[in-house]
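Peer 1: Before I ask anything, here is the structure I am working with.
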Amino acid sequence: MEYAYLHFHAALKDFISPGGRNKAITRAINRKASIKDVIESCDVPHTEIDLIIVNGVSVDFDYIVQNGDEIHVYPDCSTALTESGKPLRHLSPPLPEKPWFIVDANLGRLARYLRLLGFDCLYRNDFADQSIAEISCKTQRIVLTRDRKLLKRKIITYGYFVRTDIPKAQIRETLHRFNLYASLAPLTRCTHCNEKLVSAEKPLIAHRLKPLTRQYYDKFLICPGCNRIYWQGSHSMHIKRLIEEFCRQPAR
Ligand SMILES: [Zn+2]
């Protein structure tokens, strides 16, 4: 039997059980096993990986694992170096300038928070994994999920495994991971259907407003998708406070 030895670094340790995080993981290898398959057999999705260094040399996902290989795997933003000083092959592709998202069926609150902050985010509570993968592949949307199996699908290039299951922490985690603070545009997108809001002439919508709203507000936005009307007072104080809280960039 032949073996390879895998070492996962930095945020990739999140995928390894606590007892195994600081030691090599030994994997029996078949002939012609790609390094992508060997890494994913340890339950680390390829979408989380930026660098793979084998015996001191940077390789890509097609590298065929050899007996005795020492494999070091790093996430994005790592500062790993090859022993030989040869150039590194960064595997995570550059993100689209304006990242947009597709969120799996279990992360509805995260989708709503992303829309609240102005980010284009597709979500349906009956989204099948296959549809999510296909849409992401065709449109280059970033898949956000807590399902590692979904991220292991070959056709997904952009994806992120959301670590926490608490929605408010999920939005902070996403803002931090993709450094979205410069792109925040709160209250510019419909939280129900994801359409970008457009301004509405008050006389044209006045008949749909309650008397006090008509009296005290002059600026309105409307969703071209579902026709909902939004104005300064349409969001509760609770939502406004949440937005303020999300927009505050934590010190690094
Ligand atoms: Zn809408």
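Peer 1: Residue-wise, which Karplus ³J(HN,Hα) couplings in Hz belong to segment 105-122, taking 6.51 cos²θ - 1.76 cosθ + 1.60, θ = phi - 60°, and x for glycine or proline?
Peer 2: Result, rounded to whole Hz: 4, 8, 10, x, 5, 4, 4, 5, 5, 4, 5, 4, 8, x, 8, 6, 9, 7.
Peer 1: To the nearest 20 debye, what charge dipole does the chain have about its Cα centre, counting +1 at the Cβ of each Lys and Arg and -1 at the Cβ of each Asp and Glu? Present the calculation step by step, with values, prior to reporting the outcome.
Peer 2: Working: 38 positive and 27 negative charges, 229 e Å.
Charge dipole of the chain: 1100 debye, to the nearest 20.
Peer 1: Could you grab the relative contact order for the chain? Cα pairs under 8 Å, six or more apart, rounded to a whole percent.
Peer 2: RCO, the chain: 14 percent.
Peer 1: Please label the shape of the chain as rounded, prolate or oblate, based on the square roots a ≥ b ≥ c of the eigenvalues of the alpha-carbon gyration tensor (a/c under 1.5 means rounded; beyond that, a/b larger than b/c means prolate, else oblate).
Peer 2: Prolate shape, in that a/c is at least 1.5 and a/b is the bigger ratio.
Peer 1: Let me ask you something else. Expressed as a whole number of Å, what is the distance separating the alpha-carbon centroids of segment 31-78 and segment 124-193?
Peer 2: Spelled out, the Cα-based centre of one part sits 24 Å from the other.
Peer 1: Can I ask one more? Evaluate the distance, in nm, between pseudo-label points positioned 7 Å from the Cα of residue 21 and of residue 98 along their respective Cα→Cβ axes.
Peer 2: 3.8 nm
Peer 1: Which of the aspartates and glutamates could a cross-linker span from residue 152 if the Cα-Cα distance has to be under 18 Å and same-chain partners fewer than 8 positions apart are dropped?
Peer 2: 14, 37, 40, 43, 48, 50, 60, 62, 76, 104, 129, 134
Peer 1: Which one of 6, 117, 155 has its Cα pushed farthest toward the positive end of the charge dipole of the chain, where Lys and Arg give +1 and Asp and Glu give -1 at the Cβ?
Peer 2: With unit charges placed on the Cβ atoms, the residue in question is 117.
Peer 1: Along segment 19-29, what does the Karplus equation 6.51 cos²θ - 1.76 cosθ + 1.60 (θ = phi - 60°) give for ³J(HN,Hα), rounded to whole Hz, x for Gly and Pro?
Peer 2: x, x, 5, 10, 9, 5, 9, 8, 10, 6, 10
Peer 1: Can you list the lysines whose alpha carbon sits under 16 Å from that of residue 168, skipping same-chain ones fewer than 8 residues off?
Peer 2: Straight-distance partners of residue 168: 240.
Peer 1: For segment 2-74, just say rounded, prolate or oblate: build the C-alpha gyration tensor, square-root its eigenvalues into a ≥ b ≥ c, call rounded for a/c under 1.5, and beyond that prolate if a/b exceeds b/c, oblate if not.
Peer 2: prolate
Peer 1: Same structure, new question: Between their Cα atoms, which of 23/149; 36/196; 138/202 are more than 29 Å away from each other? Walk me through the numbers before you get to the answer.
Peer 2: Numbers: 23/149 24 Å; 36/196 38 Å; 138/202 39 Å.
From the list (23/149; 36/196; 138/202), the Cα-Cα distance tops 29 Å for 36/196; 138/202.
Peer 1: Amide H neighbours of residue 142 under 5 Å, counting only residues 5+ apart in sequence or on other chains, H built in-plane at 1.01 Å?
Peer 2: It is 100, 101, 102, by chain and number.
Peer 1: List every residue whose amide H lies under 5 Å from the amide H of residue 200, counting only residues 5 or more places away in sequence or on a different chain, with H placed 1.01 Å from N in the peptide plane.
Peer 2: Under 5 Å from the amide H of residue 200: 220, 221, 222.
Peer 1: Using the Cα centre of segment 120-239 as the reference point, and only Cβ charges (+1 on K/R, -1 on D/E), how large is the resulting charge dipole? Debye, rounded to the nearest 20.
Peer 2: My answer is approximately 200 debye.
Peer 1: Which whole-number percent gives the relative contact order of segment 2-74, counting Cα pairs below 8 Å spaced six or more residues apart?
Peer 2: 47 percent
Peer 1: I've got another one for you. Under a Cβ-Cβ cut-off of 13 Å, what is the net charge of the residues other than residue 197 that fall near it, where Lys and Arg count +1 and Asp and Glu count -1? List each step's numbers first, then the result.
Peer 2: Details: positive: 115, 189, 196, 219, 228; negative: 120, 195.
Charge balance in the 13 Å sphere: +3.
Bear in mind that the values in this text are calculations on the coordinates, not laboratory data. Predicted model only: the values in this text are computed from it and were never measured. Quick reminder, even Gly has a Cβ in these numbers, built from the backbone with ideal geometry, and neighbours come from all protein chains shown.
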